[in-house]
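Visitor: Before I ask anything, here is the structure I am working with.
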Amino acid sequence: MAVLDHDPCGSVYLDNAATTPLRAEALAAMMPFLTDRFGNPSGGHRVARAARLAVDEARDDVADVLGCQPGEVVFTAGGTEADNLAILGVVAATGGKAVCPAAEHHAVLHSVQAVGGRVVGAGADGAVDLDQLAGALDDLTGTVAIVSTMAANNEVGTMTPLAEVAAVVADRAPGAVLHTDAVQAAGWCDLRRLAAPAALISVAAHKLGGPKGVGCLVVRDGTPLRPVLHGGGQERDRRSGTHNVAGIVGFATALRLAAEERDEAGARVRALRARLCDRLMVQVGGVVASVPLERALPGHLHVRVTECEGEAMLVLLDDVGVCASAGSACASGAVEPSHVLLAMGVPKAEALTSLRLSLGRTTSQADVDAAAAAAAAAASRLRAR
Amino acid sequence: MLVGMSGGVDSSVAAALLIEQGHEVVGATLKLWGGASDSGCCSVADVEDARRVAQQLGVAHHVFSFTDDFDEHVVAPYVAAHAAGRTPNPCIDCNRHLKFDRFLRRGLLLGFDAVATGHHARVAATPAGWQLRRGADPAKDQSYVLHVLGQSQLARTLLPVGDLTKDEVRGRAVALGLRTATKPDSQDVCFIAASGGRNAFLAARTGLHAAEVVDRTGAPVGRVDAVELVTVGQRRGLGAAGGTGRPRYAIEVDVPGRRVVVGGSDDLLRPAVDLGPPSWVGGAPIDGADVLAQASAHGPARPGAWMNGRVLWRQPQRAVAPGQAVVLYDPTDPDRCLGGAECTLFG
């Protein structure tokens, strides 16, 4: 029997950028498809049809929230698969090159590198540097098939001005399509508006109160794309594999709720984040916000805490039940200097003092106050030596 | 207690023993090497093993990334030593700079009373101070690579498996149902991939140069591909045997001169060994003190006398390769490690 070293229910959970708690409504919507309505939607009989109906309705919901046609939604096993499908799929279909900024999520960055693409610099705020992007597109003139820039950065939370990126791409590489990894942004931003210029949009359910292991890639009609997974030809031949029916239903439910609550939740979480930031500045001291808060998603608070190694800070916070993160966790679970901060020009030693507190819809004022107090205690301990 | 858990059986049992003894235990795995390796203690699979053991024991587990310190204090000196024709022992540098410095400081900073590892050696408290002693299993004793620990480190260090033989450790692991019970012992240098070996690792980081092999008269007797990899005392791979038919040993390695001098086993014998700055567990022995001196991790400890930075052998001994540590033990209490130093000169 596995033993948990802490009780998740008793924790102050400030790692919503890593994943979010499942919404009760999503779980309730999923349950029938984990039990009675177990059919494979690709079949022709009534059990299959019942599952097919659920997937089709989920597709309608997702398309409505994301601002696309239902047929443009390709369900995937999450954000990483969606990013891979976008980059690898467009490059395979066109033979062209992929371009992305250096602060992208590894799902995009490593995909672009895997197909010999070009990585361009990021600005000091973690968003794409438009001049460097334009320069790279000029340099690769006529050969660029896809430009990928995230809607909001997963580590520091900076939102990308996608319309400006789209204008640069239309001007310098008119044949290229724009992909955006909207995995972090989808729970907070109106992608109907924000991601309108993108031909391809990646979304993951678990960042917005849905289950893990499901997401989608929006593929607007006319976008050249070759499948990465071959098989039964599901998702109009763009993504083979039996549908994760329960996951898809949970995803659609969570996405719809997130959209309905967006304005209210955004304002509330933004206010809590401001309170947390103020408290850290006062109680911890030596705290520098990595990006201006108004440029970041409502829940992201990424700071550097002078003289406090992130790795040690996390252990002390965890010890008192505060769950946070620092940098990007590698496969082993070690904290590595964040490629995002390095891309922003932050020196390595300073990058290692990173602390990311990410708030979510379930975060309370008490959570924020407890986290600030815990961080203050941890910092004074780490600075005492 | 903060237990350094490598994912191997020794540190798994060390954590289990401390829990049995009633200590509050947290596990931590050090990620030391960021490069490619298939044999080391830093692979994702090993971290998973450590994590799974921690889960099984019901303790929290963290991963600490010390890759920069490891590069600076272990890998770079290892490469530099080979490039200079020395024969380094990176485990000693890792214990000195990583496990019992960076990791120990991290543990104390986080509020732990002490750190523990799965090394086969013992820490004993005496009225005269902390002693470092050989582990109960002579074949697995690791006091040699721990000789760099001083009083301040030993005061904050627990070595729970030092009282057990390796078989007993495995027996405890089996009895506890630990998944690491039958995991093979780690071998070789942890950051070097078995597939490429030392040769490929060093070739990628420093030049490897062919050299002439000559006998003591300067007459050429063969060639080697990489003078940086030849160790004093080495017998194999030194080219054709001499006309005498006697085995030939490397007795001198001259990297800048691209030359290896070979001779018979008698030519290797030395009356003394010269040492660099020593590290003492307690105080330094007085000049002329009798010691037992051990020149390799599992080699024999031979009698001699400590004399102002040298060990004078009672009987002439095979030359120690520069870069190797000579670790001293107390002849009146042969399990007690006194400290040691690196061999500096040929001879």
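Values in this text are rule-based calculations from the coordinates and carry no lab data. What you see is a predicted model, and the numbers here were worked out from it, not measured in a lab. For neighbour counting, all protein chains shown are included, and Cβ atoms are generated from backbone atoms with ideal geometry for every residue, glycine included.
Visitor: What residue among B:D333, B:D141, B:D101 has the largest mean-square fluctuation in a Gaussian network model of chain B, using Cα springs under 10 Å?
Guide: B:D333
Visitor: Right, next: Note down the net charge around B:A210, summing +1 for each Lys or Arg and -1 for each Asp or Glu among other residues with Cβ under 12 Å from its Cβ.
Guide: 0
Visitor: Treat every Asp and Glu Cβ in region B:1-91 as -1 and every Lys and Arg Cβ as +1, leave all other atoms uncharged, and give the resulting dipole magnitude about the Cα centre to the nearest 20 debye.
Guide: So the magnitude is around 80 debye.
Visitor: Magnitude of the Cβ-charge dipole of chain B, K/R +1 and D/E -1, about the Cα centre, nearest 20 debye?
Guide: Here chain B has a charge dipole of around 420 debye.
Visitor: Given B:H73, B:H61, B:S152, which one lies farthest toward the positive end of the charge dipole of region B:1-158, if we put +1 on the Cβ of every Lys and Arg and -1 on the Cβ of every Asp and Glu?
Guide: Ranked along the dipole, the leading option is B:S152.
Visitor: Scattering from the C-alpha atoms of region A:1-106 alone, worked out with Debye: what is log10 I(q)/I(0) at q = 0.19, 0.20 1/Å?
Guide: Listed by q, the Debye log ratios stand at -1.18, -1.21.
Visitor: How many partner chain Cβ atoms sit within 10 Å of a residue's Cβ in peptide B:55-66, on average, as a whole number?
Guide: The shielding value for this peptide is 5.
Visitor: Here is a further query. What is the projected area of the convex hull of the Cα atoms of chain A, averaged over all directions, in nm²?
Guide: Averaged projected hull area, Cα only: 19.2 nm².
Visitor: Next up: Could you list log10 I(q)/I(0) for the protein assembly as shown at q = 0.06, 0.09, 0.11 Å⁻¹, which the Debye formula gives when each Cα is one point scatterer?
Guide: At q = 0.06, 0.09, 0.11 Å⁻¹ the computed log10 ratios are -0.47, -0.93, -1.17.
Visitor: Calculate the translational D of region A:89-213 in whole µm² s⁻¹ from Stokes-Einstein, where the hydrodynamic radius comes from the Kirkwood formula applied to all Cα pairs, the temperature is 10 °C and the viscosity 1.306 mPa s.
Guide: 111 µm²/s
Visitor: Treating the beta-carbon of each Lys and Arg as +1 and of each Asp and Glu as -1, no other charges, what is the dipole magnitude of region B:256-300 about its Cα centre, to the nearest 20 debye?
Guide: With only Lys, Arg, Asp and Glu charged at Cβ, the dipole is about 300 debye.
Visitor: Please compute the Kirkwood hydrodynamic radius over region B:110-267, one decimal place, Å, based on all pairs of different Cα atoms.
Guide: 19.6 Å
Visitor: Would you order A:D139, B:D49 from fewest to most other beta-carbon atoms within 10 Å of each residue's own beta-carbon?
Guide: Least crowded to most crowded, the residues run A:D139, B:D49.
Visitor: Over 21 Å between Cα atoms, which of A:K97/A:K207; B:K140/B:K183; A:K97/A:K212 qualify?
Guide: Among A:K97/A:K207; B:K140/B:K183; A:K97/A:K212, the Cα-Cα distance tops 21 Å for A:K97/A:K207; A:K97/A:K212.
Visitor: Next up: Could you work out the helix-only [θ] at 222 nm for the protein assembly as shown, with each DSSP H run of four or more residues adding -39,500 (n - 2.57) and the total divided by the number of residues, to the nearest 500 deg cm²/dmol?
Guide: Dividing the helical sum by the residues of the protein assembly as shown leaves -9500 deg cm²/dmol.
Visitor: How big is the antiparallel share of DSSP beta bridges in the protein assembly as shown, given as a percent to the nearest 5?
Guide: 70 percent
Visitor: How long, wide and thick is region B:275-314, going by the Cα atoms along their three principal axes, in whole angstroms, largest first?
Guide: Principal extents (Cα only, largest first): 24, 21, 17 Å.
Visitor: Under a GNM of chain A (C-alpha, springs under 10 Å), which listed residue has the highest mean-square fluctuation: A:V335, A:V183, A:V74?
Guide: A:V335
Visitor: Continuing with the same structure: At most 14 other Cβ atoms within 10 Å and a DSSP loop assignment: could you name the trypsin sites (Lys or Arg not before Pro) in region B:200-287 that fit?
Guide: B:R216, B:R235, B:R236, B:R258
Visitor: If you take all C-alpha pairs in chain B, what percent of them are over 27 Å apart?
Guide: Of the Cα pairs, 50 percent sit more than 27 Å apart.
Visitor: Report, please, the projected area of region B:300-347 averaged over directions, based on the convex hull of its C-alpha atoms, in nm².
Guide: 3.4 nm²
Visitor: Tell me the Kirkwood radius of region A:31-70: reciprocal of the mean inverse pair distance over distinct alpha-carbon atoms, in Å.
Guide: One over the average 1/r among Cα pairs gives 10.6 Å for region A:31-70.
Visitor: When chain A is modelled as a GNM with alpha-carbon springs shorter than 10 Å, which of A:V282, A:V269, A:V73 fluctuates the most?
Guide: A:V282
Visitor: For region B:224-347, max minus min Cα coordinate along each principal axis, in Å, sorted largest first?
Guide: 47, 27, 23
Visitor: Over the alpha-carbon set of region A:54-144, work out the extent along each principal axis and list the three values in angstrom, largest first.
Guide: Cα extents, longest axis first: 46, 32, 21 Å.
Visitor: Can you tell me which aspartates and glutamates have their Cα less than 13 Å from the Cα of B:K31? Leave out same-chain residues fewer than eight positions away.
Guide: Counting by Cα, and skipping residues close in sequence, B:K31 has these aspartates and glutamates nearby: A:E311, A:E336, B:D46, B:E48, B:D68, B:D69, B:D71.
Visitor: Can you give the Rg and Dmax of region B:1-132 based on its C-alpha atoms, in angstrom?
Guide: My reading of the Cα-based Rg and Dmax gives 15.6, 49 Å.
Visitor: Report the percentage of all Cα-Cα pairs in region A:126-284 whose separation exceeds 25 Å, rounded to a whole percent.
Guide: Tail fraction, whole percent: 42.
Visitor: By the scheme Lys and Arg +1, Asp and Glu -1, what is the net charge of all other residues having a beta-carbon under 15 Å from that of A:L225?
Guide: -1
Visitor: Counting Lys +1, Arg +1, Asp -1, Glu -1, what net charge surrounds B:D267 among other residues with beta carbon under 14 Å of its beta carbon?
Guide: Charge balance in the 14 Å sphere: +3.
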